[in-house]
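Beneath this line is the structure, given in structure tokens, with notes to follow.
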Amino acid sequence: MHVYAVGIDHHLAPLAVRERVALDPAGAAQVTRAVAGLPWVGEALVLSTCNRTELYVASAAPEAAELALAAFVRHVPAAPPPDHGVYRLLAHEAAARHLLRVAAGLESAILGETEIQGQVRAAHERGRAEGGLGPVLDRLFQAALRAGRRARAETRISDGSVSHGHAAAQVVQRVFERLDGHRVLLVGAGEVAQQVGRALLQLGPARLAVANRTPEHAHELAAALGAERTLPLAEVPEELAHAHVVLLAAGPNLIGRPDLERALRRRRDPLLLVDLGVPRCVDPSANELPGVFLYDLGALERLVAAALGARRAAVPDVERILQEELAPWLAWQRGLGALPAIRTLAQWAEEVRRAELAFLPADLDPALREAVERLTERLVNRLLGRATARVVQGARADDPSLPTADQLERVFGLREEAGP
Amino acid sequence: MASPILVLVVALYGAVATAYAEARRRAEARPAWARHLGALAVAAHLGGLVALAVQMDRSPFANASQALSFLAFSLVALYLLLEATSRVSTHGGWFYATAAVLAALSVPGLIAVPPDQAAEAPRDTLRSLHVGLALLSTAAVLAGALLATGYLTTYARVKGRRVAPGDAGPSLQGFERLARRASLLGALLLVPALGLGLDAWQRASDPAPMGATVGAMAALLGLLTAAFWIWWRRPLKGSLAAWLNLAGAALLLVTFALVHPLGLAQGGR
């Protein structure tokens with residue numbers, strides 16, 4: 001039984017396509033159930049995130065790849081036709097390797113992101129609950145989850161901040177241990193300010209104030225973020241004497257150096273300014289003032305780039321871990337390939353044994369007949385056991401010096417040989 | 001303190017420092033085993049010092065070698081105390097590295113005078129107390145200097161926008177809190193040490209070295225007090241406070257090197 005992966009992801013499909021085929025948990029469960037019930041499918045499982053919707057199938061059918069694509073198109077609502085050019089279709093080892101790369105975050109839009117690990121785990125559990133999981137996909141998903149865990153624990157694939165909000169939070173952590181009780185001033189009420197503000201508030205319950213040109217917007221954001229108060233833009237320079245962190249995403253030249261110099265005379269703690277404005281809200285020379293740390297968008301983008309650089313550097317280490325986790329599954333999978341021949345051999349041997357036992361005298365003592373049956377059973381098992389073990393061993397290790405299932409079948413004449 | 005125990009303690013401190021440095025290089029959390037090993041090393045060191053005091057029936061800093069060993073112990077014990085009481089994870093590999101060096105230097109025969117060659121002197125309880133307090137305050141000064149170095153390094157990185165992914169160690173505010181405590185502790189220990197030093201100075205047959213030491217201790221007290229006040233009241237000027245801590249450590253080294261080399265201990269009987 002081989003593994004196939006068919007689906008749509010952010011590499012090939014635009015957002016407009018991805019959002020149409022994205023499945024919620026109930027939808028993913030329904031598709032899993034439907035595909036698992038198809039006669040040619042051994043096992044089936046659906047992984048659906050905002051960046052990918054993929055169907056994993058284990059099947060022994062020779063044309064399983066085409067069938068898997070057709071099943072995806074038929075069962076996933078709004079899926080484009082097979083010839084749309086947005087599908088990724090992978091088979092055998094490539095499909096398995098792809099899943100491990102997905103779990104480790106190598107296939108994510110943000111390299112090394114951690115959310116995918118939980119999504120793979122959820123898909124695995126859903127597959128089990130919906131009856132789509134069998135030994136092949138179960139072992140493969142377990143290997144993928146193990147690889148994802150190891151990649152994040154043993155390499156730097158998920159290190160650092162890869163969004164402006166998290167980069168700002170990282171800087172805050174280098175200046176203030178945590179934000180509990182510290183005063184944070186958010187200047188501007190746009191989406192950027194909101195996103196970064198949320199990231200900062202994860203560092204502890206800060207005393208937040210929101211300043212904006214439009215009081216209504218300030219009130220809305222204050223309510224959304226649980227801010228203590230709002231204030232007009234004109235009061236921002238005065239607030240500089242008290243705030244620990246000032247996050248600005250508003251108009252240009254909002255804070256000049258003289259404002260800061262005045263504020264510093266009344267301050268006792270360092271001041272961190274995070275300027276997300278384009279053009280900038282704060283005079284760039286403010287960073288020269290002792291005790292003032294100014295991070296503008298450029299500085300934050302450098303932090304993001306550094307983090308991404310560190311993550312990219314970790315990719316070879318992650319690939320090594322993926323190989324270590326994939327190899328045992330591949331070996332086990334190759335071993336499975338020898339099983340039909342071994343099963344046929346066992347059946348043939350049993351038939352021979354039964355046929356020979358039929359020659360025993362009919363009036364043979366039952367105890368003696370029982371002993372002979374046991375003896376022949378043991379004899380067959382011992383005669384065939386070593387050979388079959390070597391075939392499985394050879395298949396798992398992909399070792400040409402060991403006998404293959406094909407050779408086993410030919411030696412015992414278990415299948416029709418093609419004529420000359 | 002028996003040399004084998006001292007060598008073991010040096011090895012343990014060195015192992016912890018190496019583990020911490022490696023964790024820092026890999027931007028990972030400090031390994032739990034290293035933290036436990038560090039605490040075990042301090043406990044072993046304390047046990048050795050107590051055994052030595054009991055065996056000799058006198059303070060465990062009766063000569064230069066023992067004083068260095070006591071100083072190494074005090075430094076790491078202070079580090080553990082600061083970390084346990086501050087909610088700040090210090091990633092203190094430098095503490096263990098410094099303690100390893102100090103403890104290695106205290107191994108008799110390495111650079112320190114072997115104990116049996118140390119000059120015998122009559123017992124003087126007040127002077128022993130003075131030496132003990134002075135060594136403890138020295139540990140606080142060294143801790144302050146290490147933390148100040150950490151503060152200045154972090155300050156330069158944050159100011160230069162060189163915050164790296166996975167940066168470990170305390171924030172500026174964390175360093176500030178720890179350095180403030182180390183400065184306060186150093187100053188509080190120096191006050192009685194200074195008082196006892198004045199008493200010893202008056203009773204000394206050769207007052208010059210002791211007088212210079214007492215003078216240096218008074219200057220050190222001033223530096224530590226000023227550093228503590230800035231850390232406490234004006235963290236905005238943290239760099240200035242850090243330089244005061246470093247000046248204190250420099251004064252200490254100059255005093256030991258020129259005026260009274262490892263000599264506080266020589267009166268400690």
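Observations, loosely collected:
- B:LEU80 of a type in the set (A, V, I, L, M, F, W, C), under 17 Å from B:GLY150 (Cβ atoms) and either at pLDDT 85 or above or out of contact with any Leu (no Cβ under 9 Å at 6 or more places or on another chain) (or both): yes
- Beta carbons closer than 7 Å, at least 6 apart along the sequence or on distinct chains, pair a first residue in region A:161-185 that is more than 7 Å from chain B (Cβ to nearest Cβ) with a second that is open to solvent by 40 Å² or more (accessible area, probe 1.4 Å) and in a helix (DSSP H, G or I) for A:VAL162/A:LEU308; A:GLY165/A:GLN195; A:GLY165/A:ARG198.
- Residue that is nearest to A:ARG262 (Cα to Cα), among those in region A:206-249 that are out of contact with any strand residue (DSSP E or B) (no Cβ under 6 Å at 6 or more places or on another chain) and of a type in the set (S, T, N, Q): A:ASN212
- Meets criteria (open to solvent by 50 Å² or more (accessible area, probe 1.4 Å) and among the aliphatic types (A, V, I, L, M)) for B:LEU198: yes
- Listed here are the helices (runs of 4 or more DSSP H) enclosed by region A:252-364 that have at least 2 residues being more than 19 Å from A:GLU238 (Cβ to Cβ), away from chain B (no Cβ under 14 Å) and within 23 Å of the chain's Cα centre (by Cα): A:315-337.
- Region A:154-168, subset at pLDDT 85 or above and open to solvent by 10 Å² or more (accessible area, probe 1.4 Å), residue farthest from A:LEU308 (Cα to Cα): A:GLU154
- Where helices (runs of 4 or more DSSP H) fall entirely within region A:188-251, those with at least 1 residues that are at pLDDT 90 or above are at A:215-225, A:236-239.
- Considering A:VAL46, A:VAL41, A:VAL76, the condition of being assigned by TED's automatic domain parsing to the domain that holds A:ARG128, open to solvent by less than 40 Å² (accessible area, probe 1.4 Å) and more than 23 Å from A:HIS11 (Cβ to Cβ) is satisfied by A:VAL41 alone.
- Considering each residue of region A:134-147 in turn, none proves to be within 14 Å of another protein chain (Cβ to nearest Cβ) and aromatic (Phe, Trp, Tyr).
- Residue list for region A:79-110, restricted to those being open to solvent by 30 Å² or more (accessible area, probe 1.4 Å) and aliphatic (A, V, I, L, M): A:LEU89, A:LEU90, A:ALA91, A:ALA94, A:ALA109, A:ILE110
- Qualifying residue in region A:378-385 (condition: over 16 Å from A:ARG334 (Cα atoms), charged (D, E, K, R) and open to solvent by less than 50 Å² (accessible area, probe 1.4 Å)): no
- Residue in region A:300-310 that is under 30 Å from A:SER158 (Cα atoms), among the aliphatic types (A, V, I, L, M) and at pLDDT 90 or above present: no
- Members of region B:153-200 found to be within 8 Å of chain A (Cβ to nearest Cβ) and not in a helix (DSSP H, G or I), listed by number: B:ARG161, B:VAL163, B:ALA164, B:PRO165, B:GLY166, B:ASP167, B:PRO170, B:SER171
- Any hit, region B:239-246, residues being in a helix (DSSP H, G or I), without any contact (Cβ under 8 Å) to a residue 24 or more places away in the chain and farther than 24 Å from B:VAL131 by Cα: yes
- Looking only at region B:217-234, and only at residues there that are more than 14 Å from chain A (Cβ to nearest Cβ) and closer than 15 Å to B:PHE175 by Cα, the one that is most open to solvent (accessible area, probe 1.4 Å): B:PHE228
- Of the residues making up region B:132-152, those that are closer than 30 Å to A:ALA286 by Cα and either open to solvent by 30 Å² or more (accessible area, probe 1.4 Å) or outside any helix (DSSP H, G or I) (or both) are B:LEU146, B:THR149, B:LEU152.
- Selection from region B:197-245 of residues that are within 30 Å of A:HIS242 (Cα to Cα) and of a type in the set (Ser, Thr, Tyr): B:THR225, B:SER239
- Of all residues in region A:4-21, those being under 28 Å from A:ARG128 (Cβ atoms), more than 16 Å from the chain's Cα centre (by Cα) and open to solvent by 30 Å² or more (accessible area, probe 1.4 Å) number 3.
The values are calculated or read from the model by the stated rules, or taken from the named source; none is laboratory data. Given the structure is predicted, the values throughout are model-derived calculations rather than measurements. Note: ideal-geometry Cβ built from the backbone for every residue, glycine included; neighbour counts use all protein chains shown. Remember, those area values only see protein heavy atoms, side chains included, never the ligands or the DNA or RNA. Shrake-Rupley method; radii C 1.70, N 1.55, O 1.52, S 1.80 Å.
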